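Student: My questions will all concern the structure given below.
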Amino acid sequence: MQRIGVFVCHCGTNIAGTVDVKKVVEMAAHEPGVVHAEDYAYMCSEAGQEKIHKAIKEKKLTGLVVCSCSPRMHETTFRNAAEKAGLNPYMVEIANIREHCSWIHKDMEEATEKAVILMRAAVAKVNLDAPLKPGESKVTKRALVIGGGIAGIQTALDIAEAGYPVDIVEKTPSIGGRMSQLDKTFPTLDCSSCILTPKMGEVNAHPLINIYTYSEVESVAGFVGDFTVEIRKKARSVDMNKCTGCGLCQEKCPSKKSLSEFNRGLSTRSAIYTPFAQAVPNVPVIDRDACIKFKTGKCGICSKVCQAGAIDYDQKDEIITEKYGAIVVATGFDMIKLDRYDEYAYSQSKDVITSLELERIMNAAGPTGGHLERLSDGKAPKEIVFIQCVGSRCADDRGKSYCSKICCMYTAKHAMLIRDKYPDTNVTVFYIDVRTPGKNFDEFYRRAVEDYGVNYIKGQVGKVIPQPNGKLLVQGADLIDSKQILKEADMVVLAAAIEPNEGVRKIATMLTASIDTNNFLTEAHAKLRPVESPTAGIFLSGVCQGPKDIPETVSQAGAAAVKAIGLLAKDKLLTNPCTAHSDELLCNGCSQCANVCPYGAITYEDKEVNDHGIRETRRIAVVNDALCQGCGACTVTCPSGAMDLQGFSNRQILAEVDAICR
Amino acid sequence: MSIEKNEEFRPKIVAFCCNWCSYAGADLAGSSRMSYSADVKIIRVPCSCRVNPMFILRAFERGADGVIMCGCHPGDCHYTSGNFYARRRMTLLFSMLDYIGVENGRTRVEWVSAAEGAKFSQTMHEFVDKITSLGKNVRLEDLRCRN
């Protein structure tokens, strides 16, 4: 029989405000096995843990029930406290009477009754708990960063600086990401590539960093400390070792009609191309869909002009298999598609553009050489209208429910730059709210309004109508003066919402990392573990976790790196001891458990068993503790009931069911 | 003719929640103060695939009025494929429950992610309403235990 101590936390008034904790303590004393019950204001505090320590020692407790917040919050705290007092940490169960009780119920009587039942279920479970010992697993001292934007670059640099090798996998031909497409950055108006390219160069030159561009993660197996990842290195058709990056092939390539992804389709590029001049690595890729040689078999000009002999039409996709201890996801974002926002005439008029397209237009390396001009007729626009929140903060399902966070600031930046360079161009911004929380952000926005005379109108735009004279008629509302506004504009810029990059869901599935309905990866704790995924060994960097600007991305990238370094610095990890095991007397070796095991943790052995005095050799299932992750799929599949999960055994769950239904 | 509503009826509802998505979703509902009925009691399991049909039958045997199982969305399972097994098992089990005297509406499977606190609360509201409308369940009996 266990000797159980029940500890009920008030959590200030968080629990005690709606749950009669004294009543819970009183009821606990009647439960089987309970020899000690007490309550305290903050069980997780030093003093609270001291109470637990004392009770374990004095009452010789063999099991603990802590009625407190979610086990996802403080299970580890109380397990460590128990271990310090000499109790096996797996003899601790948490009754979640805060998140699942006091916080959601108003009625004291109801909440107390529920808290008592939850306590009972936990006591019933502890009664059947057995001490467990975690195993150990090794840590591969190498990190993988998925995504080569500023988030991935910064994470890789920080990890490598700590002395661990890092691989970056980037799906496009060059690292740099979204930031490389930007012209200037707020709130300092730094030139984006001037601050990014040195970092790209640093990553490229770092002895511990290996970059796989034009590559994608194909599969992920394993678990924290020991992931096995297959990386598909897509055929570049150019030998990376031979290419000198002279650029002659791109110049001579006769197929020049492909739309440039880097310039958001506003200009064309050759079939053999580097996305932009400062690309890292400076090695072109042949777009096989556009290349004449691949389409017709005739051409081969690039091969003829290449003095280094680097062109290799026969190159094939290569699969690289590598082991990693930690994986950082830095897959970034893209703008939403605007096909559901017909009212803004984006698909009808060339002069309705997104902010990222404007970014390219204003960039000296962009499609217009940095001159602000209308894409339809090349004329300089005299009247520009910016429309904010296109698809952000959207109440219906056309857009996104969240605020994209960066648009208010980049629009202020665009407006300011335009007014600065073209003082005779009027700029009007239609907004719902202007959100400028951030260091020097509001000052920046005020400068746009006060010093640069940007006209901000609170209100949304209902429709943009292309006119026969080439102008755009903008119908909007001014909510402050409550009047309709009709404005003729030469150019309309849409601050389209941002969303996680396409394909992030596939990556999340491979990593078994949680993802939310908006395709942002979920963090382990919204406030306290913002750069970790709930899946151990997976870290989050940049916009894949939520909208953020460059400074925030860089700080999160650093934080993710530190977490990864903390993991890589360990020699051994303790494994979860809640693994499956089979009862050799019940197992009949039918193989069904091995069929459902996602980790290949179950094998079969011929083993001599002693079944009630009869000694015979039987084929029985054996679980490899190091591989088993404790999902329990096998326990339900097992027809003879031989498989059971330690820590969540059949008897324990049934006891909980019984306690709840009592 | 109308059936008098029994105001006193408080259903007993057992909710099995997987540790990675739905339990976290329930935590989020809690920390966001999205209330639902106190009649719902949650049992944490590592994965929805840990839920043995036996657990659900046992709940009905012990007087539960409804059992709901929540897991990660299909494709998002922390253990890659656990919820697919759970989905099949529950489909099979639920198809037979009517035969043994448990109405269809007394069981439900719902996929709730860690970010869907509101969905968790909403689901529990709906489920409690459903069970309340069905009224008290007839306890399952294990005939082997009869004399």
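The values are calculated or read from the model by the stated rules, or taken from the named source; none is laboratory data. In this text the structure is predicted, and so the values were computed from the model without any measurement. Ideal geometry is used to build each Cβ from the backbone, glycine not excepted, and the neighbour counts take in all protein chains shown. These area figures cover heavy atoms from the full protein model, side chains too; ligands, DNA and RNA do not enter into them. Shrake-Rupley method; radii C 1.70, N 1.55, O 1.52, S 1.80 Å.
Student: Filter region A:98-135 for residues that are assigned to a loop (DSSP other than H, G, I, E, B), aliphatic (A, V, I, L, M) and more than 10 Å from chain B (Cβ to nearest Cβ); which is least open to solvent (accessible area, probe 1.4 Å)?
Tutor: Here the answer is A:Leu132.
Student: Next up: Within region B:36-56, does at least one residue satisfy the condition of being at the interface with another protein chain (Cβ under 7 Å from one of its Cβ atoms), touching a residue at least 40 places away in the same chain (Cβ under 8 Å) and open to solvent by 40 Å² or more (accessible area, probe 1.4 Å)?
Tutor: no
Student: With the structure loaded, tell me whether A:Ile211 is surrounded by 23 or more Cβ atoms within 10 Å (Cβ to Cβ) and not charged (D, E, K, R) or whether it fails that test.
Tutor: yes
Student: Let me spell it out: the conditions are (1) open to solvent by less than 20 Å² (accessible area, probe 1.4 Å); (2) not in a strand (DSSP E or B), and A:Ile353 meets all of them except one. Which number is the exception?
Tutor: (2)
Student: Are any residues in region A:29-45 open to solvent by less than 60 Å² (accessible area, probe 1.4 Å), assigned to a strand (DSSP E or B) and not β-branched (Val, Ile, Thr), and if so, which ones?
Tutor: A:His36, A:Ala37, A:Glu38, A:Asp39
Student: Quick one: in region A:46-81, which of the residues that are assigned to a loop (DSSP other than H, G, I, E, B) and under 24 Å from B:Ile42 (Cβ atoms) is nearest to the other protein chains (Cβ to nearest Cβ)?
Tutor: It comes out as A:Ser70.
Student: Take the residues of region B:112-132 that are open to solvent by 40 Å² or more (accessible area, probe 1.4 Å) and in contact with a Gly (Cβ under 8 Å, 6 or more places away or on another chain): which is farthest from the other protein chains (Cβ to nearest Cβ)?
Tutor: Among those that are open to solvent by 40 Å² or more (accessible area, probe 1.4 Å) and in contact with a Gly (Cβ under 8 Å, 6 or more places away or on another chain), it is B:Lys130.
Student: When A:Val19 is evaluated against the numbered criteria (1) touching a strand residue (DSSP E or B) at 6+ places or on another chain (Cβ under 6 Å); (2) surrounded by 22 or more Cβ atoms within 10 Å (Cβ to Cβ); (3) more than 22 Å from A:Glu83 (Cα to Cα); (4) not aromatic (Phe, Trp, Tyr), which criterion, by number, is the only one it fails?
Tutor: A:Val19 satisfies all of (1) touching a strand residue (DSSP E or B) at 6+ places or on another chain (Cβ under 6 Å); (2) surrounded by 22 or more Cβ atoms within 10 Å (Cβ to Cβ); (3) more than 22 Å from A:Glu83 (Cα to Cα); (4) not aromatic (Phe, Trp, Tyr) except (1).
Student: Give just the number: which of (1) part of a helix (DSSP H, G or I); (2) surrounded by fewer than 21 Cβ atoms within 10 Å (Cβ to Cβ) does B:Arg139 not satisfy?
Tutor: (1)
Student: Name the residue that is nearest to the chain's Cα centre (by Cα), counting only residues in region B:24-33 that are more than 7 Å from chain A (Cβ to nearest Cβ) and open to solvent by 10 Å² or more (accessible area, probe 1.4 Å).
Tutor: B:Leu28
Student: Report, ordered by the first and then the second residue, all pairs with beta carbons closer than 8 Å, sequence separation of six or more or different chains, a first member in region A:178-195 that is touching a residue at least 60 places away in the same chain (Cβ under 8 Å) and small (Gly, Ala, Ser), and a second member that is open to solvent by less than 20 Å² (accessible area, probe 1.4 Å) and assigned to a helix (DSSP H, G or I).
Tutor: Final answer for the pair search is A:Ser180/A:Ser192; A:Ser180/A:Leu196; A:Ser180/A:Met200; A:Ser193/A:Ser180.
Student: Any chance region A:301-310 includes a residue that's under 39 Å from the mean Cα position of the chain (by Cα), buried (at least 16 other Cβ atoms within 10 Å of the Cβ) and not polar (S, T, N, Q)?
Tutor: Yes, region A:301-310 contains at least one residue that is under 39 Å from the mean Cα position of the chain (by Cα), buried (at least 16 other Cβ atoms within 10 Å of the Cβ) and not polar (S, T, N, Q).
Student: Among the listed residues A:Ile175, A:Ile195, identify the single one that is among the β-branched types (Val, Ile, Thr), under 28 Å from A:Pro367 (Cα atoms) and open to solvent by 30 Å² or more (accessible area, probe 1.4 Å).
Tutor: Matching residue, one of A:Ile175, A:Ile195: A:Ile195.
Student: Determine, yes or no, whether A:Asp317 is modelled with pLDDT of 95 or more and open to solvent by 30 Å² or more (accessible area, probe 1.4 Å).
Tutor: Criteria met by A:Asp317.
Student: List the number of the failed condition for A:Ile52; all other conditions in (1) over 20 Å from B:Cys17 (Cβ atoms); (2) surrounded by fewer than 19 Cβ atoms within 10 Å (Cβ to Cβ); (3) touching a strand residue (DSSP E or B) at 6+ places or on another chain (Cβ under 8 Å) hold.
Tutor: (2)
Student: Identify all residues within region B:48-63 that are assigned to a loop (DSSP other than H, G, I, E, B) and at pLDDT below 95; write none if there are none.
Tutor: Of everything in region B:48-63, those that are assigned to a loop (DSSP other than H, G, I, E, B) and at pLDDT below 95 turn out to be B:Arg62, B:Gly63.
Student: A further question follows. Among the residues of region A:471-489, are any part of a strand (DSSP E or B) and in contact with a helix residue (DSSP H, G or I) (Cβ under 6 Å, 6 or more places away or on another chain)?
Tutor: No: region A:471-489 contains no residue that is part of a strand (DSSP E or B) and in contact with a helix residue (DSSP H, G or I) (Cβ under 6 Å, 6 or more places away or on another chain).
Student: Then there's this: Scan region A:102-122 and tell me whether some residue there is closer than 14 Å to B:Arg44 by Cα and among the β-branched types (Val, Ile, Thr).
Tutor: no
Student: State all residues of region A:499-526 that are at positive phi and more than 10 Å from chain B (Cβ to nearest Cβ); if no residue qualifies, say none.
Tutor: Once the filter is applied, which keeps residues that are at positive phi and more than 10 Å from chain B (Cβ to nearest Cβ), region A:499-526 yields A:Gly503, A:Asn519.
Student: Has region A:536-548 got any residue that is in the same structural domain as A:Ser180 (by TED's automatic domain parsing), open to solvent by 50 Å² or more (accessible area, probe 1.4 Å), among the charged types (D, E, K, R) and farther than 24 Å from A:Cys631 by Cβ?
Tutor: Within region A:536-548 (the criterion being in the same structural domain as A:Ser180 (by TED's automatic domain parsing), open to solvent by 50 Å² or more (accessible area, probe 1.4 Å), among the charged types (D, E, K, R) and farther than 24 Å from A:Cys631 by Cβ), the answer is no, since none of the residues qualifies.
Student: Hey, any hits in region A:467-479 for a residue that's at negative phi, within 14 Å of chain B (Cβ to nearest Cβ) and crowded, with 21+ Cβ neighbours inside 10 Å?
Tutor: no
Student: For region A:637-652: of the residues being of a type outside the set (S, T, N, Q) and free of Cβ contacts under 8 Å to residues at least 60 places away in the same chain, which is least open to solvent (accessible area, probe 1.4 Å)?
Tutor: A:Cys638
Student: Let me ask another. Can you find even one residue in region A:162-184 that is over 24 Å from the mean Cα position of the chain (by Cα), assigned by TED's automatic domain parsing to the domain that holds A:Thr553, more than 19 Å from A:Ser541 (Cα to Cα) and in a loop (DSSP other than H, G, I, E, B)?
Tutor: The answer is yes, given that some residue of region A:162-184 is over 24 Å from the mean Cα position of the chain (by Cα), assigned by TED's automatic domain parsing to the domain that holds A:Thr553, more than 19 Å from A:Ser541 (Cα to Cα) and in a loop (DSSP other than H, G, I, E, B).
Student: How many residues are surrounded by 14 or more Cβ atoms within 10 Å (Cβ to Cβ), within 14 Å of another protein chain (Cβ to nearest Cβ) and either modelled with pLDDT under 90 or in a loop (DSSP other than H, G, I, E, B) (or both) if we restrict to region A:591-636?
Tutor: Qualifying residue count for the region: 10.
Student: Checking the conditions here, which among A:Ala559, A:Ala569 is out of contact with any strand residue (DSSP E or B) (no Cβ under 8 Å at 6 or more places or on another chain), loosely packed, with under 15 Cβ neighbours inside 10 Å and either farther than 26 Å from A:Pro89 by Cβ or more than 14 Å from chain B (Cβ to nearest Cβ) (or both)?
Tutor: A:Ala569
Student: Taking only region A:316-350 into account, find how many residues are part of a strand (DSSP E or B) and more than 24 Å from the chain's Cα centre (by Cα).
Tutor: Qualifying residue count, region A:316-350: 2.
Student: Condition (residue is assigned to a strand (DSSP E or B), within 8 Å of chain A (Cβ to nearest Cβ) and open to solvent by 10 Å² or more (accessible area, probe 1.4 Å)) applied to region B:65-75: is it met by at least one residue?
Tutor: no
Student: Taking the condition of being on the phi > 0 side of the Ramachandran plot and either open to solvent by 30 Å² or more (accessible area, probe 1.4 Å) or touching a Pro at 6+ places or on another chain (Cβ under 7 Å) (or both), how many residues in region A:387-410 meet it?
Tutor: Total meeting the criteria: 2.
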